[in-house]
Amino acid sequence: MNFAVLQFPGSNCDQDCVHVLRRVLGHSARLLWHKETGLGGADAVVVPGGFSYGDYLRTGAIARFSPVMQAVREHAAAGGLVLGICNGFQILCEAGLLPGALVRNRSLQFRCEHVYLETLDSTSPFTGRIPAGQLLRLPIAHGEGCYYAAAETLTELQRGHQVLWRYVDARGEATSAANPNGSIDNIAGVCNERGNVAGLMPHPERASEAILDGEDGRWIFASMIHWLEERARASAAPEPGHP
């Protein structure tokens with residue numbers, strides 16, 4: 001599979017994503033500069049973490065206007081996969097590709113630590129390979145990761161099974177102590193109504209190798225790869241009645 005990893009001025013997790021996709025998981029991945037107007041035939045797009053444009057105005061507010069984002073919108077509209085991680089999640093919300101917004105942590109402190117995530121929907125392209133009942137232990141590093149959505153939006157998210165992950169403790173309980181930023185309903189990641197665009201604040205690319213004290217992040221990328229491979233096989237299969 002071919003992955004495009006976006007690169008904005010201030011991105012700092014782009015190389016990490018390319019490394020995991022290419023060297024750990026064995027797929028094609030390349031950096032795509034924010035001024036590009038096409039995705040070069042990518043099967044999926046990763047919008048990485050960092051501080052795009054120095055987080056001026058607010059996180060993701062400038063990056064949403066980069067030329068490459070129009071190509072991302074078109075890719076998403078055609079059913080292509082898009083994953084936003086940390087700052088990438090913020091960018092996708094600012095661009096209107098995901099509902100809700102990421103605001104300042106309730107503690108008003110930058111949080112850098114490991115958290116546990118519970119997967120709430122195992123049918124999405126981003127969660128399909130995560131073992132049932134397994135909590136994901138992933139690192140976070142953000143100052144504006146508090147997910148917020150209006151009450152009616154939150155109801156729609158829950159009705160549509162669009163909340164993919166929430167913060168829990170090591171026993172799987174969604175307590176306030178397990179919520180590092182004050183996100184509403186402990187929400188750590190969501191997807192769009194169609195299910196092909198997702199974002200989360202924790203960093204799966206930083207927990208995809210044993211040498212980094214954790215490989216749980218690989219399940220998210222593996223889920224994307226499996227979904228893409230299944231779609232490719234379905235597209236290649238002959239129609240009934242044809243050889």
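Bear in mind these aren't lab numbers, they're just calculated from the coordinates by the rules spelled out. Source: prediction; values computed, not measured. Cβ atoms come from the backbone with ideal geometry, glycine included; neighbour counts cover every protein chain shown.
Worth pointing out:
- Rounded if a/c under 1.5, otherwise prolate or oblate - the stretch 2-236, Cα gyration tensor axes: rounded
- What you get for the stretch 168-229, charging only the Cβ of Lys and Arg (+1) and of Asp and Glu (-1), is a dipole of about 140 debye around the Cα centre.
- Gyration tensor verdict on the stretch 27-77 (Cα atoms; rounded if a/c is under 1.5, prolate if a/b is larger than b/c, oblate otherwise): prolate
- ³J(HN,Hα) computed for each position of the stretch 137-146 - Karplus, 6.51 cos²θ - 1.76 cosθ + 1.60, integer Hz, glycine/proline x: 9, 10, x, 10, 7, 7, x, 10, x, 7
- Note, ³J(HN,Hα) from phi for the stretch 163-177, Karplus 6.51, -1.76, 1.60, rounded to Hz, x at Gly and Pro: 7, 8, 9, 9, 6, 9, 8, 5, 9, x, 9, 7, 8, 5, 5
- Modelled spin labels at residue 111 and residue 171, positioned 7 Å past Cα toward Cβ, are 2.0 nm from each other.
- For the stretch 1-28, the residues whose backbone nitrogen is under 18 Å from a point 7 Å from the Cα of residue 210, taken along Cα to Cβ, are 20, 23-26.
- For residue 216, the residues whose amide H sits under 5 Å from its own are 137, ignoring neighbours fewer than 5 places away on the same chain, with H placed 1.01 Å from N.
- For 31, 154, order by how many other beta-carbon atoms lie within 10 Å, fewest first: 31, 154
- The stretch 108-181 shape via C-alpha gyration tensor axes, a/c threshold 1.5: oblate
- Of all beta bridges that DSSP places with both ends in the chain, some 55 percent have antiparallel geometry.
- Structural descriptor for the chain: relative contact order 19 percent, calculated from alpha carbon pairs under 8 angstrom and at least 6 residues apart.
- In this rough spin-label picture, where each label sits 7 Å from Cα along the Cβ direction, the residue 236-residue 28 distance is 1.4 nm.
- Look at the alpha carbon pairs under 8 Å that are at least 6 residues apart: their mean separation over the length of the stretch 104-235 gives a relative contact order of 30 percent.
- Cβ-based net charge around residue 4, under 10 Å, with every Lys or Arg adding one and every Asp or Glu removing one: -1
- With helices as the sole contributors, the chain gives -6500 deg cm²/dmol at 222 nm; each DSSP H run of n ≥ 4 counts as -39500 (n - 2.57), and the sum is divided by every residue.
- Separation in nanometres of the label points that stand 7 Å from Cα toward Cβ, at residue 78 and residue 37: 1.6 nm
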